[in-house]
Each structure stands twice: as C-alpha cells, then as structure tokens.
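Reading through the structure tokens given below for one structure.
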Amino acid sequence: MSRFDFTPYRRSTVGFDRLFDLLESQARTAGGDNYPPFNILKQGEDNYRITLAVAGFKPADLDITAQQNLLIVQGRKRDENEADGELLHLGIANRGFERRFELADFVRVENAKLEDGLLAIDLIREVPEAMKPKKIMVNGQATLEIVNNDKGSGKANAA
C-alpha cells in the first residue's frame, strides 16, 4: 500500500486541513471491504446520485442517516428462516453492511428509493445566496452582480 505525504502541501496552504485529513483517512480504509458495490453519478452541475447494489434487502432492512458532511447507509442482516423449504445454496449476499460517504459543504439528500435491488440516493448541492460569488463594481457603483456559471447573471442591489 502506498502512502502519500501531504506535509509539503500542509505547509503551503491555509484552511485545507479537512481535505488532507479526508484524503489520508480514505487511503487508510481503501483496502477494506467493498460490499455492497456502488456507483456515483454526476447528473448535472449540482445533482448527484449514489446507487448501491443491495439485492435481497427490503426498505425496512436499510437505514440512511445524513449528518453534516456525512452520509451513512446501513443494511441489517435478516433471518434466513423466511424460505419455504431447505436452502441448498446461498449465493445472494445478505450480510449486514455500513457505507460512509463524505459530502461536500451544502450537499443534502433529496430522496432515496429502492427499486429492482438498487438503492438510489439523490443528492443536491444548494449553495446559500450569501455564499455565491458576487462582482463588486469599482468607484462606488450601487449594484452588485451575482456571478452565475450557468446562464447570464442576475443583479441585486447593494445595501
């Protein structure tokens, strides 16, 4: 396992400690269990979807918890006594799991749905208006322009 040394970057940057801590913790846990498999899809500028393959799990078996900058998905193992007859081969994994996803600031869970053995969790990034970049005019102009990366830019009056 290779280990990255972020010390030179820590010396020359300010305020990125959380990012370096995340990278180091991911490197430590990267060799762990990869169950259940998942995909992360970027659906637009501020929309994402995490899809986990959870075949055999019912909605009551799954627990999704969203905290500040952290999404935890847990699956609880069920009893195998629900089959009618004798189980000769168990090939569908039904073990408990916990998956953690670090979320960026202002990312929230919009919804989650279980369909065809896939758990889809939709995420959206909503940056507050006060945090969006603004153009400030020089020489006392009274208007501020909100910088918009999408289409054009809106105007807001300065206070």
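Quick look at the numbers
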{"read-out": "Which listed residue, of ILE92, ILE72, is surrounded by fewer than 10 Cβ atoms within 10 Å (Cβ to Cβ) and β-branched (Val, Ile, Thr)", "value": "ILE92"}
{"read-out": "Those residues of the range 44-73 which are more than 15 Å from LYS113 (Cα to Cα) and without any contact (Cβ under 8 Å) to a residue 12 or more places away in the chain, in sequence order", "value": "GLY44, GLN67, GLN68"}
{"read-out": "Count - residues of the range 43-67 that are under 12 Å from the mean Cα position of the chain (by Cα) and farther than 17 Å from LEU123 by Cβ", "value": "0"}
{"read-out": "Test: residue in the range 102-109 that is in the same structural domain as ASP46 (by TED's automatic domain parsing) and over 26 Å from ARG125 (Cα atoms)", "value": "no"}
{"read-out": "Odd one out for LYS113 among (1) modelled with pLDDT of 95 or more; (2) surrounded by 14 or more Cβ atoms within 10 Å (Cβ to Cβ)", "value": "(2)"}
{"read-out": "Conditions (1) more than 18 Å from ASN47 (Cβ to Cβ); (2) surrounded by 12 or more Cβ atoms within 10 Å (Cβ to Cβ); (3) out of contact with any Ser or Thr (no Cβ under 7 Å at 6 or more places or on another chain); (4) at pLDDT 70 or above: number failed by LEU144", "value": "(4)"}
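The values are calculated or read from the model by the stated rules, or taken from the named source; none is laboratory data. This is a predicted model, so every value here is computed, not measured. Cβ sites come from the backbone with ideal geometry, for glycine too, and all protein chains shown count toward neighbours.
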